[in-house]
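Heads up: the structure comes next, in structure tokens.
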Amino acid sequence: MRAADADRQAVAEQLRVALEEGRLELHEYDERLQRAYAAKTYGDLGGLLDDLPSASVPVPRAGAVPQTVSNGEATRRWLGEVWGSWVAVVGLTSAIWLVSCIASGGLVYFWPVWVAGPWGAVLVMVSLGGLASGEPRRHAEKRARKEEARQLKRERRELRRAEEAQQFQGERGELRRVEEAQQLEGERKELRRPEDAGDGRTA
């Protein structure tokens with residue numbers, strides 16, 4: 001059965017918690033996170049959490065295929081994108097026509113009809129064909145995949161920042177050890193100087 005965005009996100013969150021608790025190395029977290037966001041089915045999510053305590057793979061609901069949005073919501077979003085430009089342009093041209101009517105002191109020919117009519121007729125055909133072929137659902141799934149890709153990029157950027165921070169801390173620790181060693185060597189030299197001076201006077 002196919003997994004939903006919420007299922008992939010739930011697994012990603014459990015992986016993040018495991019990383020913070022020190023149960024996963026950064027490279028392990030990165031690898032599993034990519035596999036989680038690339039998972040298409042519940043079977044693909046299996047194995048990512050098996051070796052982690054108190055973690056479980058989401059279970060599909062019986063008789064239902066999880067969806068990111070309802071069919072009605074997907075249809076509204078798709079129609080909004082199809083008709084959005086038409087509404088904006090027709091609104092703008094109608095506003096220009098209204099201003100010209102006010103400026104001339106009377107009604108003028110409603111020329112925006114030549115923008116709204118042909119374009120609207122084409123969009124009606126596109127809308128009917130898209131609704132018949134299930135385009136709203138495909139469009140919603142495409143948007144969901146893009147959002148998953150953006151989320152994965154954000155997670156990977158956070159990983160890189162964490163790795164850089166760890167590397168910086170390691171370099172600072174190494175530098176501190178070198179400085180302490182140099183300071184200790186300097187103190188030892190200072191201690192040897194009085195001893196060397198005493199040996200010279202004795203001789």
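The values are calculated or read from the model by the stated rules, or taken from the named source; none is laboratory data. Only a predicted model underlies this, so the values are computations on that prediction, with no experimental measurement involved. Positions of Cβ are generated from backbone atoms using ideal geometry, with glycine treated the same way; all protein chains shown enter the neighbour counts.
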- prompt: Between a first residue in the range 11-26 that is more than 17 Å from Tyr37 (Cβ to Cβ) and free of Cβ contacts under 8 Å to residues at least 60 places away in the same chain and a second residue that is among the acidic types (Asp, Glu) and part of a helix (DSSP H, G or I), which pairs have beta carbons less than 7 Å apart while being 6 or more apart in sequence or on different chains?
  reply: none
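Can you tell which of Glu171, Glu158, Glu164, Glu148 is in a helix (DSSP H, G or I), closer than 30 Å to Glu31 by Cα and in contact (Cβ under 8 Å) with a residue 60 or more places away in the chain? Step through it out loud before you land on a result.
Working: Glu171 fails: in contact (Cβ under 8 Å) with a residue 60 or more places away in the chain; Glu158 fails: in contact (Cβ under 8 Å) with a residue 60 or more places away in the chain; Glu164 fails: in contact (Cβ under 8 Å) with a residue 60 or more places away in the chain.
Only one candidate passes the filter, namely Glu148.
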- prompt: Looking at the range 40-92, which of the residues that are more than 22 Å from Ala10 (Cβ to Cβ) and either β-branched (Val, Ile, Thr) or modelled with pLDDT under 75 (or both) is surrounded by the fewest Cβ atoms within 10 Å (Cβ to Cβ)?
  reply: Val87
- prompt: If only one of Leu15, Leu33, Leu24 is more than 15 Å from Leu152 (Cβ to Cβ), among the aliphatic types (A, V, I, L, M) and surrounded by 19 or more Cβ atoms within 10 Å (Cβ to Cβ), which one is it?
  reply: Leu24
- request: Only one of these is modelled with pLDDT under 90 and not assigned by TED's automatic domain parsing to the domain that holds Lys40: Ala116, Ala121, Ala95, Ala140. Name it.
  value: Ala140
task: For residues that are of a type in the set (A, V, I, L, M) and in a helix (DSSP H, G or I), scanning just the range 100-113, find the one that is modelled with the highest pLDDT.
output: Val113
